[in-house]
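Below is one structure; the comments refer to it alone.
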């Protein structure tokens, strides 16, 4: 039994174990243990090597095999990490409350374990068929996590699975075509034949795989399902899903488009001669995926949905970096998977911690909670700085690499799109933290306590990861380099603090050093000089002629940026909603017509009609 | 020996009312006993060394006697007939009408006999006879509830089926007129004479005629109503079993007598239309039984698409798809029988019956093709076959299959979501455990198919290769047909 | 360069920047006075103001984040100054570069926004909402400018950019080779500094100075310090990108004061724009100019 087999076995055994552990209040405390074990096993395996599985069999003329290389390892890390955080988060008070409110902890933990197992199976795929098997398992494993919350989440889950299956079918068709056109599903074999395929064939494969995997990444125009499906789930599930689930799409894209089909081939495929090749198309899909969902997030009034919409937008950076394909861009795109996973996990865990205490995620019904839940505030603050991609957090590093690549490759409009996305993120996450933690504390939240350690603990550990990997990105860049090598990409010249490049590098050790020193100077200036400060009550402030009392609400997240909405408000037309609705209407119309056919009064006429038509067809030359 | 597969249920069907009057226990036992005996016969005959073999009934040599051709495929269907009938054996519905129950069981046995006959028959005339026998039995079963709706549906079925039979008969007549024989082996030798438009017309007649029972689009308008009003066991039997046997007959004809490309295209086109049409209609269905009925139409469309593929690959794909559906659909119908009725009333049903809920999810997942469940392999085989074949129609079919799968997911899991929703708990589901247990057996079959997949795959490959070998058929049956040995038409 | 020299630079750069910033504030006030036919304040008035604010007895705090906001606002700029080369001192400019600088100078804004948020004053929050909207408005033309410059010089390393311009003389200055980008950059700078007509988020008569509404004593003093740094940063960045950086201290000072003088002069001549007009204005002309500029550069 190889190391990989052992890892998969532990992940599989964890299914019943997680179910059993979830059953009792004391047992629950151990929920995170199996994931800790898996994480240890993963870290023990060298990401630079390829770990084969002993399992392999021939079936239907296809040989199925599994192997974990640098790319899979790199995605497995945040997968297990996110599960670890989610399990730890739910192992204490949260779990008790959830079970107490009629939720099924067993199902939650079982579904979480199933997701991890399915993802590992996918990440260790050794050929296209096992890739598809893993893909489908991951798609379906996500569903129970989403629908656990009941209510609106069920609808969101069904919408998800419909989209996911649409994507899955595109992937299946792609797999079948590869098999028929090259005669094999084993990478070594079909990669030898792929270059001989005609352009339309490769183009079709690219479209099918990009579209299919893109559904999971919620790339435009397949993005509508994701925010409600992830956001409306229960806390730990949402954090896990939001952090890593849809990144499986990026993994598959990296494997199939970058490694198997190769970016050079993508560049060769011209869409509009002299103007647009297929790689540009992918990059622009990514760019629109950055912008539109980010600005949709800006309009959300539910903290969970706001974050979930950002998740879609952040995926755009990853795809954008990856398809740029140069050392820096692809490193940035892949690094962002890890960085974003840490950020989003912290953010969602913090938001659900607040929800756990206040019972709401409505941004118009909170405020001022910083004085009651300072640790959650800190976690959210670190998370939003990371999500917005500002130094000193890790999100900055990955985005910097992507920007840097866009500048070097000479893509001004894509660069602008990436920056517009970041600016929108800043606006949106400020609204998030402002409306939850800043401003007035509401009367009904006077007695709120900080979330328990079982919840803040995982959040703070993740925060530490964000800061450490922000200061020392080289820690993760090493693994990213292994992943890049596994799919045949160039590796940037990296070191512990960042990257070096003749055209301008980055050293986060120094950058964060001066930022911290700057803060220290600021702190000395502030606290060391001048008069003593005096805390005043929140209502003791200057109102320019008006009196503020506790019953005066001024949360106006509904239209937090009126000046901006004056300009872009009209652009929120819900065109994609409309498209989706139109498609459903068409299906509905056809279905009604078909039902009419089966309910007609004269079915026998159709028999005669059919046979007449058949005769005509047989007799006419 | 194999004659018992037809004879035992047939005899039991006629004896059952008599024996029931003599002894209640005898009446209850005779049917299952006959079916178990058939199963044993099938098992005993399943020896790769002796397969395939041919036999004539009653010692009359063809063309006057009845020829049975026994290969792995025929045995598979014979075994399936017995097993399905046994699993879906009519139960005492508790309506106290003992006579109706006896009648129902009797008809079921008759259906089993006719179905086995269809699987084994080696000449067209007998096929027609067994087909009619099956039709008569199924009319009775369709109307078994005795409600006005049941009679209306059964009458609709009767009308369509009778018209189909007439057309099939016309096709048989054309063939006989052209070649002078109805023995399939003999016809296979004379296939050249059926290459022209007349032959094609004959096949189309048979296609439309048998297509009525095979739920072929567009002659399947009886399906949703009949399945909607009969007991779920009967619906499972008709959808799972009888439809497949009608398909089997058409496949035998295609392989042995009509190797024309164009006919495969016709089959493919009708299959695609049936697939898309069925799934679309199911998407809109408002009660579970009709949803399953429409879904069954769609699945049969897929079966047609699979069998339209040329060569062994097509047969293998077709067998896998057909058997897969044969196992799933009765299971689903049984669950529907458990829950019954409109979709609205199903909220929270799976919460009250967790096992049934799990089975539903398992069946649904296999139906939409989640690997490694068997439904995936079925779909994969069909798709690779279509992609390899290429052509405009092939691409259309591929897209249709994929779109249909998405539709299937959409409605099946909309229903699953409803089953698991926190509905109003005051309406407990009718707690008849029997249906769930039987569905559980079907579920176990699905799981077993995953576990024993490689072995099954080898078996199916052999089966497909055997069934696709027209020369083998002729060689096997030939010695029994005097006219063939002399080599000329009578 | 030895580590001690580097550390010395890191200490000196913010201090020098602060001093220059003080004089820029002074110049701003003097220009305003001239235009309004007043005498204007004495040389050390800005420093006096800061000392006065720090020395006030009433120092109202609305909570920890309020305090930390000020720390971040000042500290962020202190850090940013070490990324901006000045004559003879490069600090860690080569370890960050243009894009990193762009993001580091967002930290003070974020700190301010968080600090204001905790004040629980509607006027403050409205001010921040406007300020962030303005940021979105001016950053779009500004990043196009940044891109154009980085592409033109083939690097994001500020030291390199300066070296390239100084090696080629005036003819290779950014402003000469990329006039459209230089103009767009000027627009962006004006808005970035929050000067009229883009001072919507302060709006004294409307939302009671917005973000500053709850700021008194050393809180306001901190913001004053921040303003010094802000003026300095904007001016040096512009000079670095378009005017060849500082060949020596004399040219450096002349250039940066000249650059700051432009927005100051404009500022006193214009009324205030509404937020939506500001967004519209910045998204129209500077973006167009910058895009054409980039197209010409590429």
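Details
- Members of the stretch B:40-53 found to be surrounded by 18 or more Cβ atoms within 10 Å (Cβ to Cβ) and part of a helix (DSSP H, G or I), listed by number: B:41, B:42, B:45
- Only a single criterion out of (1) part of a helix (DSSP H, G or I); (2) touching a helix residue (DSSP H, G or I) at 6+ places or on another chain (Cβ under 7 Å); (3) more than 7 Å from chain A (Cβ to nearest Cβ); (4) modelled with pLDDT under 85 is not satisfied by residue C:34, namely (2).
- Qualifying residue in the stretch A:489-496 (condition: touching a residue at least 12 places away in the same chain (Cβ under 8 Å), crowded, with 19+ Cβ neighbours inside 10 Å and over 29 Å from residue A:251 (Cα atoms)): no
- Any hit, the stretch B:262-276, residues being under 25 Å from residue B:418 (Cα atoms), at pLDDT 90 or above and surrounded by fewer than 24 Cβ atoms within 10 Å (Cβ to Cβ): yes
- Residue match in the stretch C:58-78 (condition: crowded, with 24+ Cβ neighbours inside 10 Å, modelled with pLDDT under 85 and closer than 24 Å to residue C:236 by Cβ): no
- The residue that is surrounded by the fewest Cβ atoms within 10 Å (Cβ to Cβ), among those in the stretch B:171-189 that are farther than 14 Å from residue B:123 by Cα and more than 13 Å from every other protein chain (Cβ to nearest Cβ), is B:177.
- Condition broken by residue A:515, with the remaining ones in (1) away from chain C (no Cβ under 11 Å); (2) in a helix (DSSP H, G or I); (3) in contact (Cβ under 8 Å) with a residue 24 or more places away in the chain satisfied: (1)
For every residue, the table says whether it meets (1) within 20 Å of residue A:67 (Cα to Cα); (2) in contact (Cβ under 8 Å) with a residue 40 or more places away in the chain; (3) part of a helix (DSSP H, G or I).
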position: A:5; (1), (2), (3): yes, yes, yes
position: A:8; (1), (2), (3): yes, yes, yes
position: A:11; (1), (2), (3): yes, yes, yes
position: A:24; (1), (2), (3): no, no, no
position: A:46; (1), (2), (3): yes, no, no
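- Restricted to the stretch A:106-197, the set of helices (runs of 4 or more DSSP H) holding at least 1 residues that are closer than 17 Å to residue A:212 by Cβ and facing chain B (nearest Cβ under 10 Å) comprises A:128-147, A:152-182.
- Subset of the stretch C:45-86 [part of a loop (DSSP other than H, G, I, E, B) and more than 7 Å from chain A (Cβ to nearest Cβ)]: C:58, C:83, C:84, C:85
- Within the stretch A:572-595, being in a helix (DSSP H, G or I) and either in contact (Cβ under 8 Å) with a residue 60 or more places away in the chain or within 9 Å of chain B (Cβ to nearest Cβ) (or both) holds for A:576, A:577, A:579, A:580, A:587, A:588, A:590, A:591, A:592, A:593, A:594, A:595.
- Every condition in (1) under 23 Å from residue C:72 (Cα atoms); (2) modelled with pLDDT of 85 or more holds for residue C:95 except the one numbered (2).
For (1) part of a helix (DSSP H, G or I); (2) buried (at least 24 other Cβ atoms within 10 Å of the Cβ); (3) within 15 Å of the chain's Cα centre (by Cα); (4) away from chain C (no Cβ under 14 Å), each residue gets a yes or a no:
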| residue | (1), (2), (3), (4) |
| --- | --- |
| A:311 | yes, yes, yes, yes |
| A:316 | yes, yes, yes, yes |
| A:329 | yes, yes, no, no |
| A:332 | yes, yes, no, no |
| A:338 | yes, yes, yes, yes |
| A:347 | yes, yes, yes, yes |
| A:355 | yes, no, no, yes |
| A:360 | no, no, no, yes |
| A:378 | yes, no, no, no |
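- Criterion violated by residue A:447 - all others in (1) away from every other protein chain (no Cβ under 14 Å); (2) without any contact (Cβ under 8 Å) to a residue 12 or more places away in the chain; (3) touching a helix residue (DSSP H, G or I) at 6+ places or on another chain (Cβ under 7 Å) satisfied: (3)
- When the criteria are applied in full, residue A:422 fails the requirement of being in contact with a helix residue (DSSP H, G or I) (Cβ under 6 Å, 6 or more places away or on another chain), within 14 Å of chain C (Cβ to nearest Cβ), within 19 Å of residue A:400 (Cα to Cα) and buried (at least 20 other Cβ atoms within 10 Å of the Cβ).
- Cβ-Cβ distances below 9 Å connect the following pairs, each with a first residue in the stretch A:171-195 that is on the phi < 0 side of the Ramachandran plot and free of Cβ contacts under 8 Å to residues at least 40 places away in the same chain, a second residue that is surrounded by fewer than 16 Cβ atoms within 10 Å (Cβ to Cβ) and not in a helix (DSSP H, G or I), and a separation of six or more residues or different chains: A:180/B:390; A:189/A:183; A:193/A:183.
- Boolean, residue C:41 is in contact (Cβ under 8 Å) with a residue 12 or more places away in the chain, more than 9 Å from chain A (Cβ to nearest Cβ), surrounded by fewer than 23 Cβ atoms within 10 Å (Cβ to Cβ) and under 15 Å from residue C:232 (Cβ atoms): no
- Here the condition is being more than 8 Å from chain A (Cβ to nearest Cβ), modelled with pLDDT under 85 and in a helix (DSSP H, G or I); of B:415, B:456, it holds for B:456 alone.
- Scanning the stretch A:56-90 for residues that are in a loop (DSSP other than H, G, I, E, B) and modelled with pLDDT under 90 yields a total of 2.
- Residue that is modelled with the lowest pLDDT [pool: residues in the stretch C:163-190 that are over 15 Å from residue C:286 (Cα atoms) and surrounded by 23 or more Cβ atoms within 10 Å (Cβ to Cβ)]: C:174
- Looking only at residues in the stretch B:190-211 that are away from chain A (no Cβ under 11 Å) and crowded, with 21+ Cβ neighbours inside 10 Å, the one that is farthest from residue A:613 (Cα to Cα) is B:194.
- Residue C:260 vs. criteria under 30 Å from residue C:53 (Cβ atoms) and modelled with pLDDT of 80 or more: yes
- Residue match in the stretch B:435-444 (condition: over 29 Å from the mean Cα position of the chain (by Cα), at pLDDT 70 or above, crowded, with 17+ Cβ neighbours inside 10 Å and under 29 Å from residue B:374 (Cα atoms)): no
- Members of the stretch B:276-316 found to be more than 16 Å from the chain's Cα centre (by Cα), assigned to a helix (DSSP H, G or I) and more than 10 Å from chain A (Cβ to nearest Cβ), listed by number: B:288, B:289, B:291, B:311, B:312, B:313, B:314
- Tally of residues being facing chain A (nearest Cβ under 7 Å) and more than 27 Å from residue A:398 (Cα to Cα) across the stretch C:90-127: 8
Quick grid of which residues meet (1) closer than 14 Å to residue B:336 by Cα; (2) at pLDDT 85 or above; (3) buried (at least 24 other Cβ atoms within 10 Å of the Cβ):
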| position | (1), (2), (3) |
| --- | --- |
| B:220 | no, no, yes |
| B:223 | no, no, yes |
| B:227 | yes, no, yes |
| B:230 | yes, no, yes |
| B:240 | no, no, yes |
| B:244 | no, yes, yes |
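The values are calculated or read from the model by the stated rules, or taken from the named source; none is laboratory data. The structure displayed is predicted, hence computed values, not measured ones. Reconstructed Cβ throughout: ideal geometry from the backbone, glycine too, with neighbour counts over all protein chains shown.
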